[in-house]
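Engineer: Dropping the structure in here first, questions after.
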Number of protein chains: 2
Amino acid sequence: MSLLVVGSIAFDSIKTPFGEVREELGGSATYFSVAASFFTNVNLVAVVGEDFPKEHLDAFTGHGINLDGLERSLGKTFRWQGEYGNALDDAKTLKTELNVLESFRPKLPRSYSNIPHIFLANIEPGLQQDVLRQVATPRLTACDTMNFWIEGCRDRLLKTLEKVDMTLINEGEARLLSGERNLVLAAKKILSWGPKTLVIKRGGYGALMFYGQKIFSVPAYPLELVVDPTGAGDSFAGGFMGYLAKQGEVTETTLRQAAVYGSVVASFCVEDFGLRRMWKLTAGDIKDRYTSFYDLTTYEHAV
Amino acid sequence: MSLLVVGSIAFDSIKTPFGEVREELGGSATYFSVAASFFTNVNLVAVVGEDFPKEHLDAFTGHGINLDGLERSLGKTFRWQGEYGNALDDAKTLKTELNVLESFRPKLPRSYSNIPHIFLANIEPGLQQDVLRQVATPRLTACDTMNFWIEGCRDRLLKTLEKVDMTLINEGEARLLSGERNLVLAAKKILSWGPKTLVIKRGGYGALMFYGQKIFSVPAYPLELVVDPTGAGDSFAGGFMGYLAKQGEVTETTLRQAAVYGSVVASFCVEDFGLRRMWKLTAGDIKDRYTSFYDLTTYEHAV
């Protein structure tokens, strides 16, 4: 079943210990939709400026991503500039130019209103709720967020959390949002605010998924070379939601497999700058790594 | 089959966000031997001072730990004082008093010379080799180490690595030892120096085990309350080696299960200060958590 994502499209300038790129295509909705496109039909809601080139549009449509919800506004596309240290963990943001993102108000084309799976990537929580109001009867809704909204408009963010089935955030965000240092306590608190499933992403350490009284742990795939961590979390979310949308039902089995697919897809994302690895990815690559991943994590239950 | 451990016995003074203890029984050999005692017969090689009370000796023997190799020297028992911040990761060492550990030269009683499984906990690498020379034909040898030896007597440490089957160290030590930031590259380099198996412990994130061309990832068990991380790595090693000694053979199956038992036992260790939780631990507790652990990590292979 098809999937809708609302989020940002950006030109990213990124420096890591392995090199530097300028005005590379990026943004949460970009990473998410390309990652999810390996599993299901993706419908993109986002905004770009007049400077957004046709080759990027072609890249999206080449992956079967529907662009009816993509708005082109007067002005320049959102730009972000960041740098990673040797640890390749959190990026240091050097510059943010919101540009057309500043006045973005997501308007869904009529054809999107019955899309069953909705992912609200990291945008202002009020806009996330605007999107939810424009879809008729979603089967599954999920959101991401970031420190800026947790600190800047917490009440509005809590309203989004009340309305979604799932939340995917990183470790630092989970701690800031909950006020709890311990992740199990943090998860309990966040789940009490609405979502039935919480995925806490931990960068190079993988992710923990909390649902009901249960926890599922998924590692990050160990790589010899991590070039650029940008977009790993959004790619995880794309693989996760894309797989659930493809399966069409959320069960304990599909949830766990979805978390593994999230980690598998994210592991490709970080192998090169921006989406360079993702554009070249094949279904066969994903299948092979899923199999390697199974070998990485499985053991016989001892007697 | 039985297991020998050589390492330190200490009185630890520990401060964490959850409280403070003074002169608590600790040390690498203590944590290791108590953890391993749930799986097999443990024989302890270590030194204590005149101030070491009978109640602690009784605690060891109460767990079936053989103390024929425990030396009592003139002077005071080794003391360590450390403090953990809110992140409960690396301890800040405030004070170290080597005392009787300073002149410790491990001498194995004759009855120990045929013990098949040997664990060289974190002591000076030359002493680790002395122990290896005193055992006849060990079936399995493993070592730990720390930054102090990596920086202070690297050549001697590399000689130990040449002689052991397995090495268990933490993430920071693996990076310092190999000079590689990336853990996969770090592991390749360390494995090229001798050991056939390398376990890299990652604190609250679990561990990665490298052997041959394979990697096995084991998470840390998510806990609502981590009181004191002291001894978690040694307890992991104790559960790991204890299980392998019990099984009597190193296969892919037992190696992976051993890593899980390591993580299971370590998860109890951190629930209270020092060994307080470990002394109360039962085989049933371990079995139950192993089962929970299986639920934490398993998923169906997707079609």
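The values are calculated or read from the model by the stated rules, or taken from the named source; none is laboratory data. Quick caveat, the model's predicted, so the values are computed rather than measured. When we count neighbours, we look across all protein chains shown, and the Cβ atoms used for this are built from the backbone with ideal geometry, even at glycine.
Engineer: Whether any residue in the stretch A:256-268 is among the hydrophobic types (A, V, I, L, M, F, W, C) and farther than 20 Å from residue A:288 by Cα is what I want to check. Please lay out each step first, then the result.
Structural biologist: Of the residues in the stretch A:256-268, the ones among the hydrophobic types (A, V, I, L, M, F, W, C) are A:258-260, A:264-266, A:268.
Retained after the next criterion (residues that are farther than 20 Å from residue A:288 by Cα): none.
Looking through the stretch A:256-268, none of the residues is among the hydrophobic types (A, V, I, L, M, F, W, C) and farther than 20 Å from residue A:288 by Cα.
Engineer: Filter the stretch A:274-299 down to the residues that are assigned to a helix (DSSP H, G or I) and β-branched (Val, Ile, Thr), then identify the one that is farthest from residue A:26 (Cα to Cα). Give the derivation first.
Structural biologist: Residues of the stretch A:274-299 that are assigned to a helix (DSSP H, G or I), as a first pass: A:276-280, A:283-297.
Applying the additional criterion that residues be β-branched (Val, Ile, Thr) yields A:286, A:291, A:297.
On the way: A:286: 21, A:291: 28, A:297: 31 Å.
Going through the qualifying residues, I end up with A:297.
Engineer: For the stretch A:143-198, enumerate the residues that are under 21 Å from residue A:240 (Cα atoms), assigned to a loop (DSSP other than H, G, I, E, B) and of a type in the set (Asp, Glu).
Structural biologist: Correct list: A:144, A:165.
Engineer: A further question on this structure: For the stretch B:130-141, how many residues are under 20 Å from residue B:104 (Cβ atoms) and either within 14 Å of chain A (Cβ to nearest Cβ) or not in a helix (DSSP H, G or I) (or both)? Don't jump to the end; show me each part of the working.
Structural biologist: So the first thing to find is which residues in the stretch B:130-141 are under 20 Å from residue B:104 (Cβ atoms), and the list is B:130-135, B:141.
From what's left, either within 14 Å of chain A (Cβ to nearest Cβ) or not in a helix (DSSP H, G or I) (or both): B:134-135, B:141.
Residues flagged as under 20 Å from residue B:104 (Cβ atoms) and either within 14 Å of chain A (Cβ to nearest Cβ) or not in a helix (DSSP H, G or I) (or both) within the stretch B:130-141 amount to 3.
Engineer: Right, next: Looking at this structure, is residue A:183 closer than 30 Å to residue A:56 by Cα, at pLDDT 95 or above and within 12 Å of chain B (Cβ to nearest Cβ)? Outline the logic, then answer.
Structural biologist: Working: closer than 30 Å to residue A:56 by Cα: no; at pLDDT 95 or above: yes; within 12 Å of chain B (Cβ to nearest Cβ): yes.
No; evaluated as a whole, the condition is false for this residue.
Engineer: Now, a different point. Of all residues in the stretch A:242-273, which are assigned to a loop (DSSP other than H, G, I, E, B) and either touching a Ser or Thr at 6+ places or on another chain (Cβ under 6 Å) or not β-branched (Val, Ile, Thr) (or both)? Lay out the reasoning, then the answer.
Structural biologist: From the stretch A:242-273, those assigned to a loop (DSSP other than H, G, I, E, B) are A:248-251, A:270-273; that's our starting set.
A:248, A:249, A:271, A:272, A:273 - these are the residues of the stretch A:242-273 that are assigned to a loop (DSSP other than H, G, I, E, B) and either touching a Ser or Thr at 6+ places or on another chain (Cβ under 6 Å) or not β-branched (Val, Ile, Thr) (or both).
Engineer: Of A:114, A:122, which residue is closer than 18 Å to residue A:33 by Cβ and not aliphatic (A, V, I, L, M)?
Structural biologist: A:122
Engineer: When the residues of the stretch A:190-224 are narrowed to those that are facing another protein chain (nearest Cβ under 7 Å) and not charged (D, E, K, R), which ends up surrounded by the most Cβ atoms within 10 Å (Cβ to Cβ)?
Structural biologist: A:219
Engineer: When residues of the stretch A:203-238 are filtered for being within 22 Å of residue A:253 (Cα to Cα), part of a loop (DSSP other than H, G, I, E, B) and not aliphatic (A, V, I, L, M), how many remain?
Structural biologist: 5
Engineer: Does any residue in the stretch A:84-110 that is more than 14 Å from residue A:71 (Cα to Cα) and touching a residue at least 40 places away in the same chain (Cβ under 8 Å) come within less than 6 Å, Cβ to Cβ, of a residue that is surrounded by 12 or more Cβ atoms within 10 Å (Cβ to Cβ) and hydrophobic (A, V, I, L, M, F, W, C) six or more places away or on a different chain, and which pairs are these?
Structural biologist: Within 6 Å, the pairs are A:84/A:91; A:88/A:226.
Engineer: All but one of (1) surrounded by fewer than 24 Cβ atoms within 10 Å (Cβ to Cβ); (2) within 14 Å of chain B (Cβ to nearest Cβ) hold for residue A:268; which doesn't?
Structural biologist: All conditions pass for residue A:268, except number (2).
Engineer: Right, here's the next one. Would you mind finding the one in A:174, A:187, A:142 that is of a type in the set (A, V, I, L, M), surrounded by 22 or more Cβ atoms within 10 Å (Cβ to Cβ) and either without any contact (Cβ under 8 Å) to a residue 12 or more places away in the chain or in contact with a His (Cβ under 9 Å, 6 or more places away or on another chain) (or both)? If you could, list the steps in order and put the result at the bottom.
Structural biologist: Details: A:174 fails: either without any contact (Cβ under 8 Å) to a residue 12 or more places away in the chain or in contact with a His (Cβ under 9 Å, 6 or more places away or on another chain) (or both); A:187 fails: either without any contact (Cβ under 8 Å) to a residue 12 or more places away in the chain or in contact with a His (Cβ under 9 Å, 6 or more places away or on another chain) (or both).
The unique qualifying residue is A:142.
Engineer: For residue B:249, are the conditions met, namely being more than 30 Å from residue B:57 (Cβ to Cβ) and away from chain A (no Cβ under 13 Å)? Walk me through it before giving the result.
Structural biologist: Values: more than 30 Å from residue B:57 (Cβ to Cβ): yes; away from chain A (no Cβ under 13 Å): yes.
It is true that residue B:249 is more than 30 Å from residue B:57 (Cβ to Cβ) and away from chain A (no Cβ under 13 Å).
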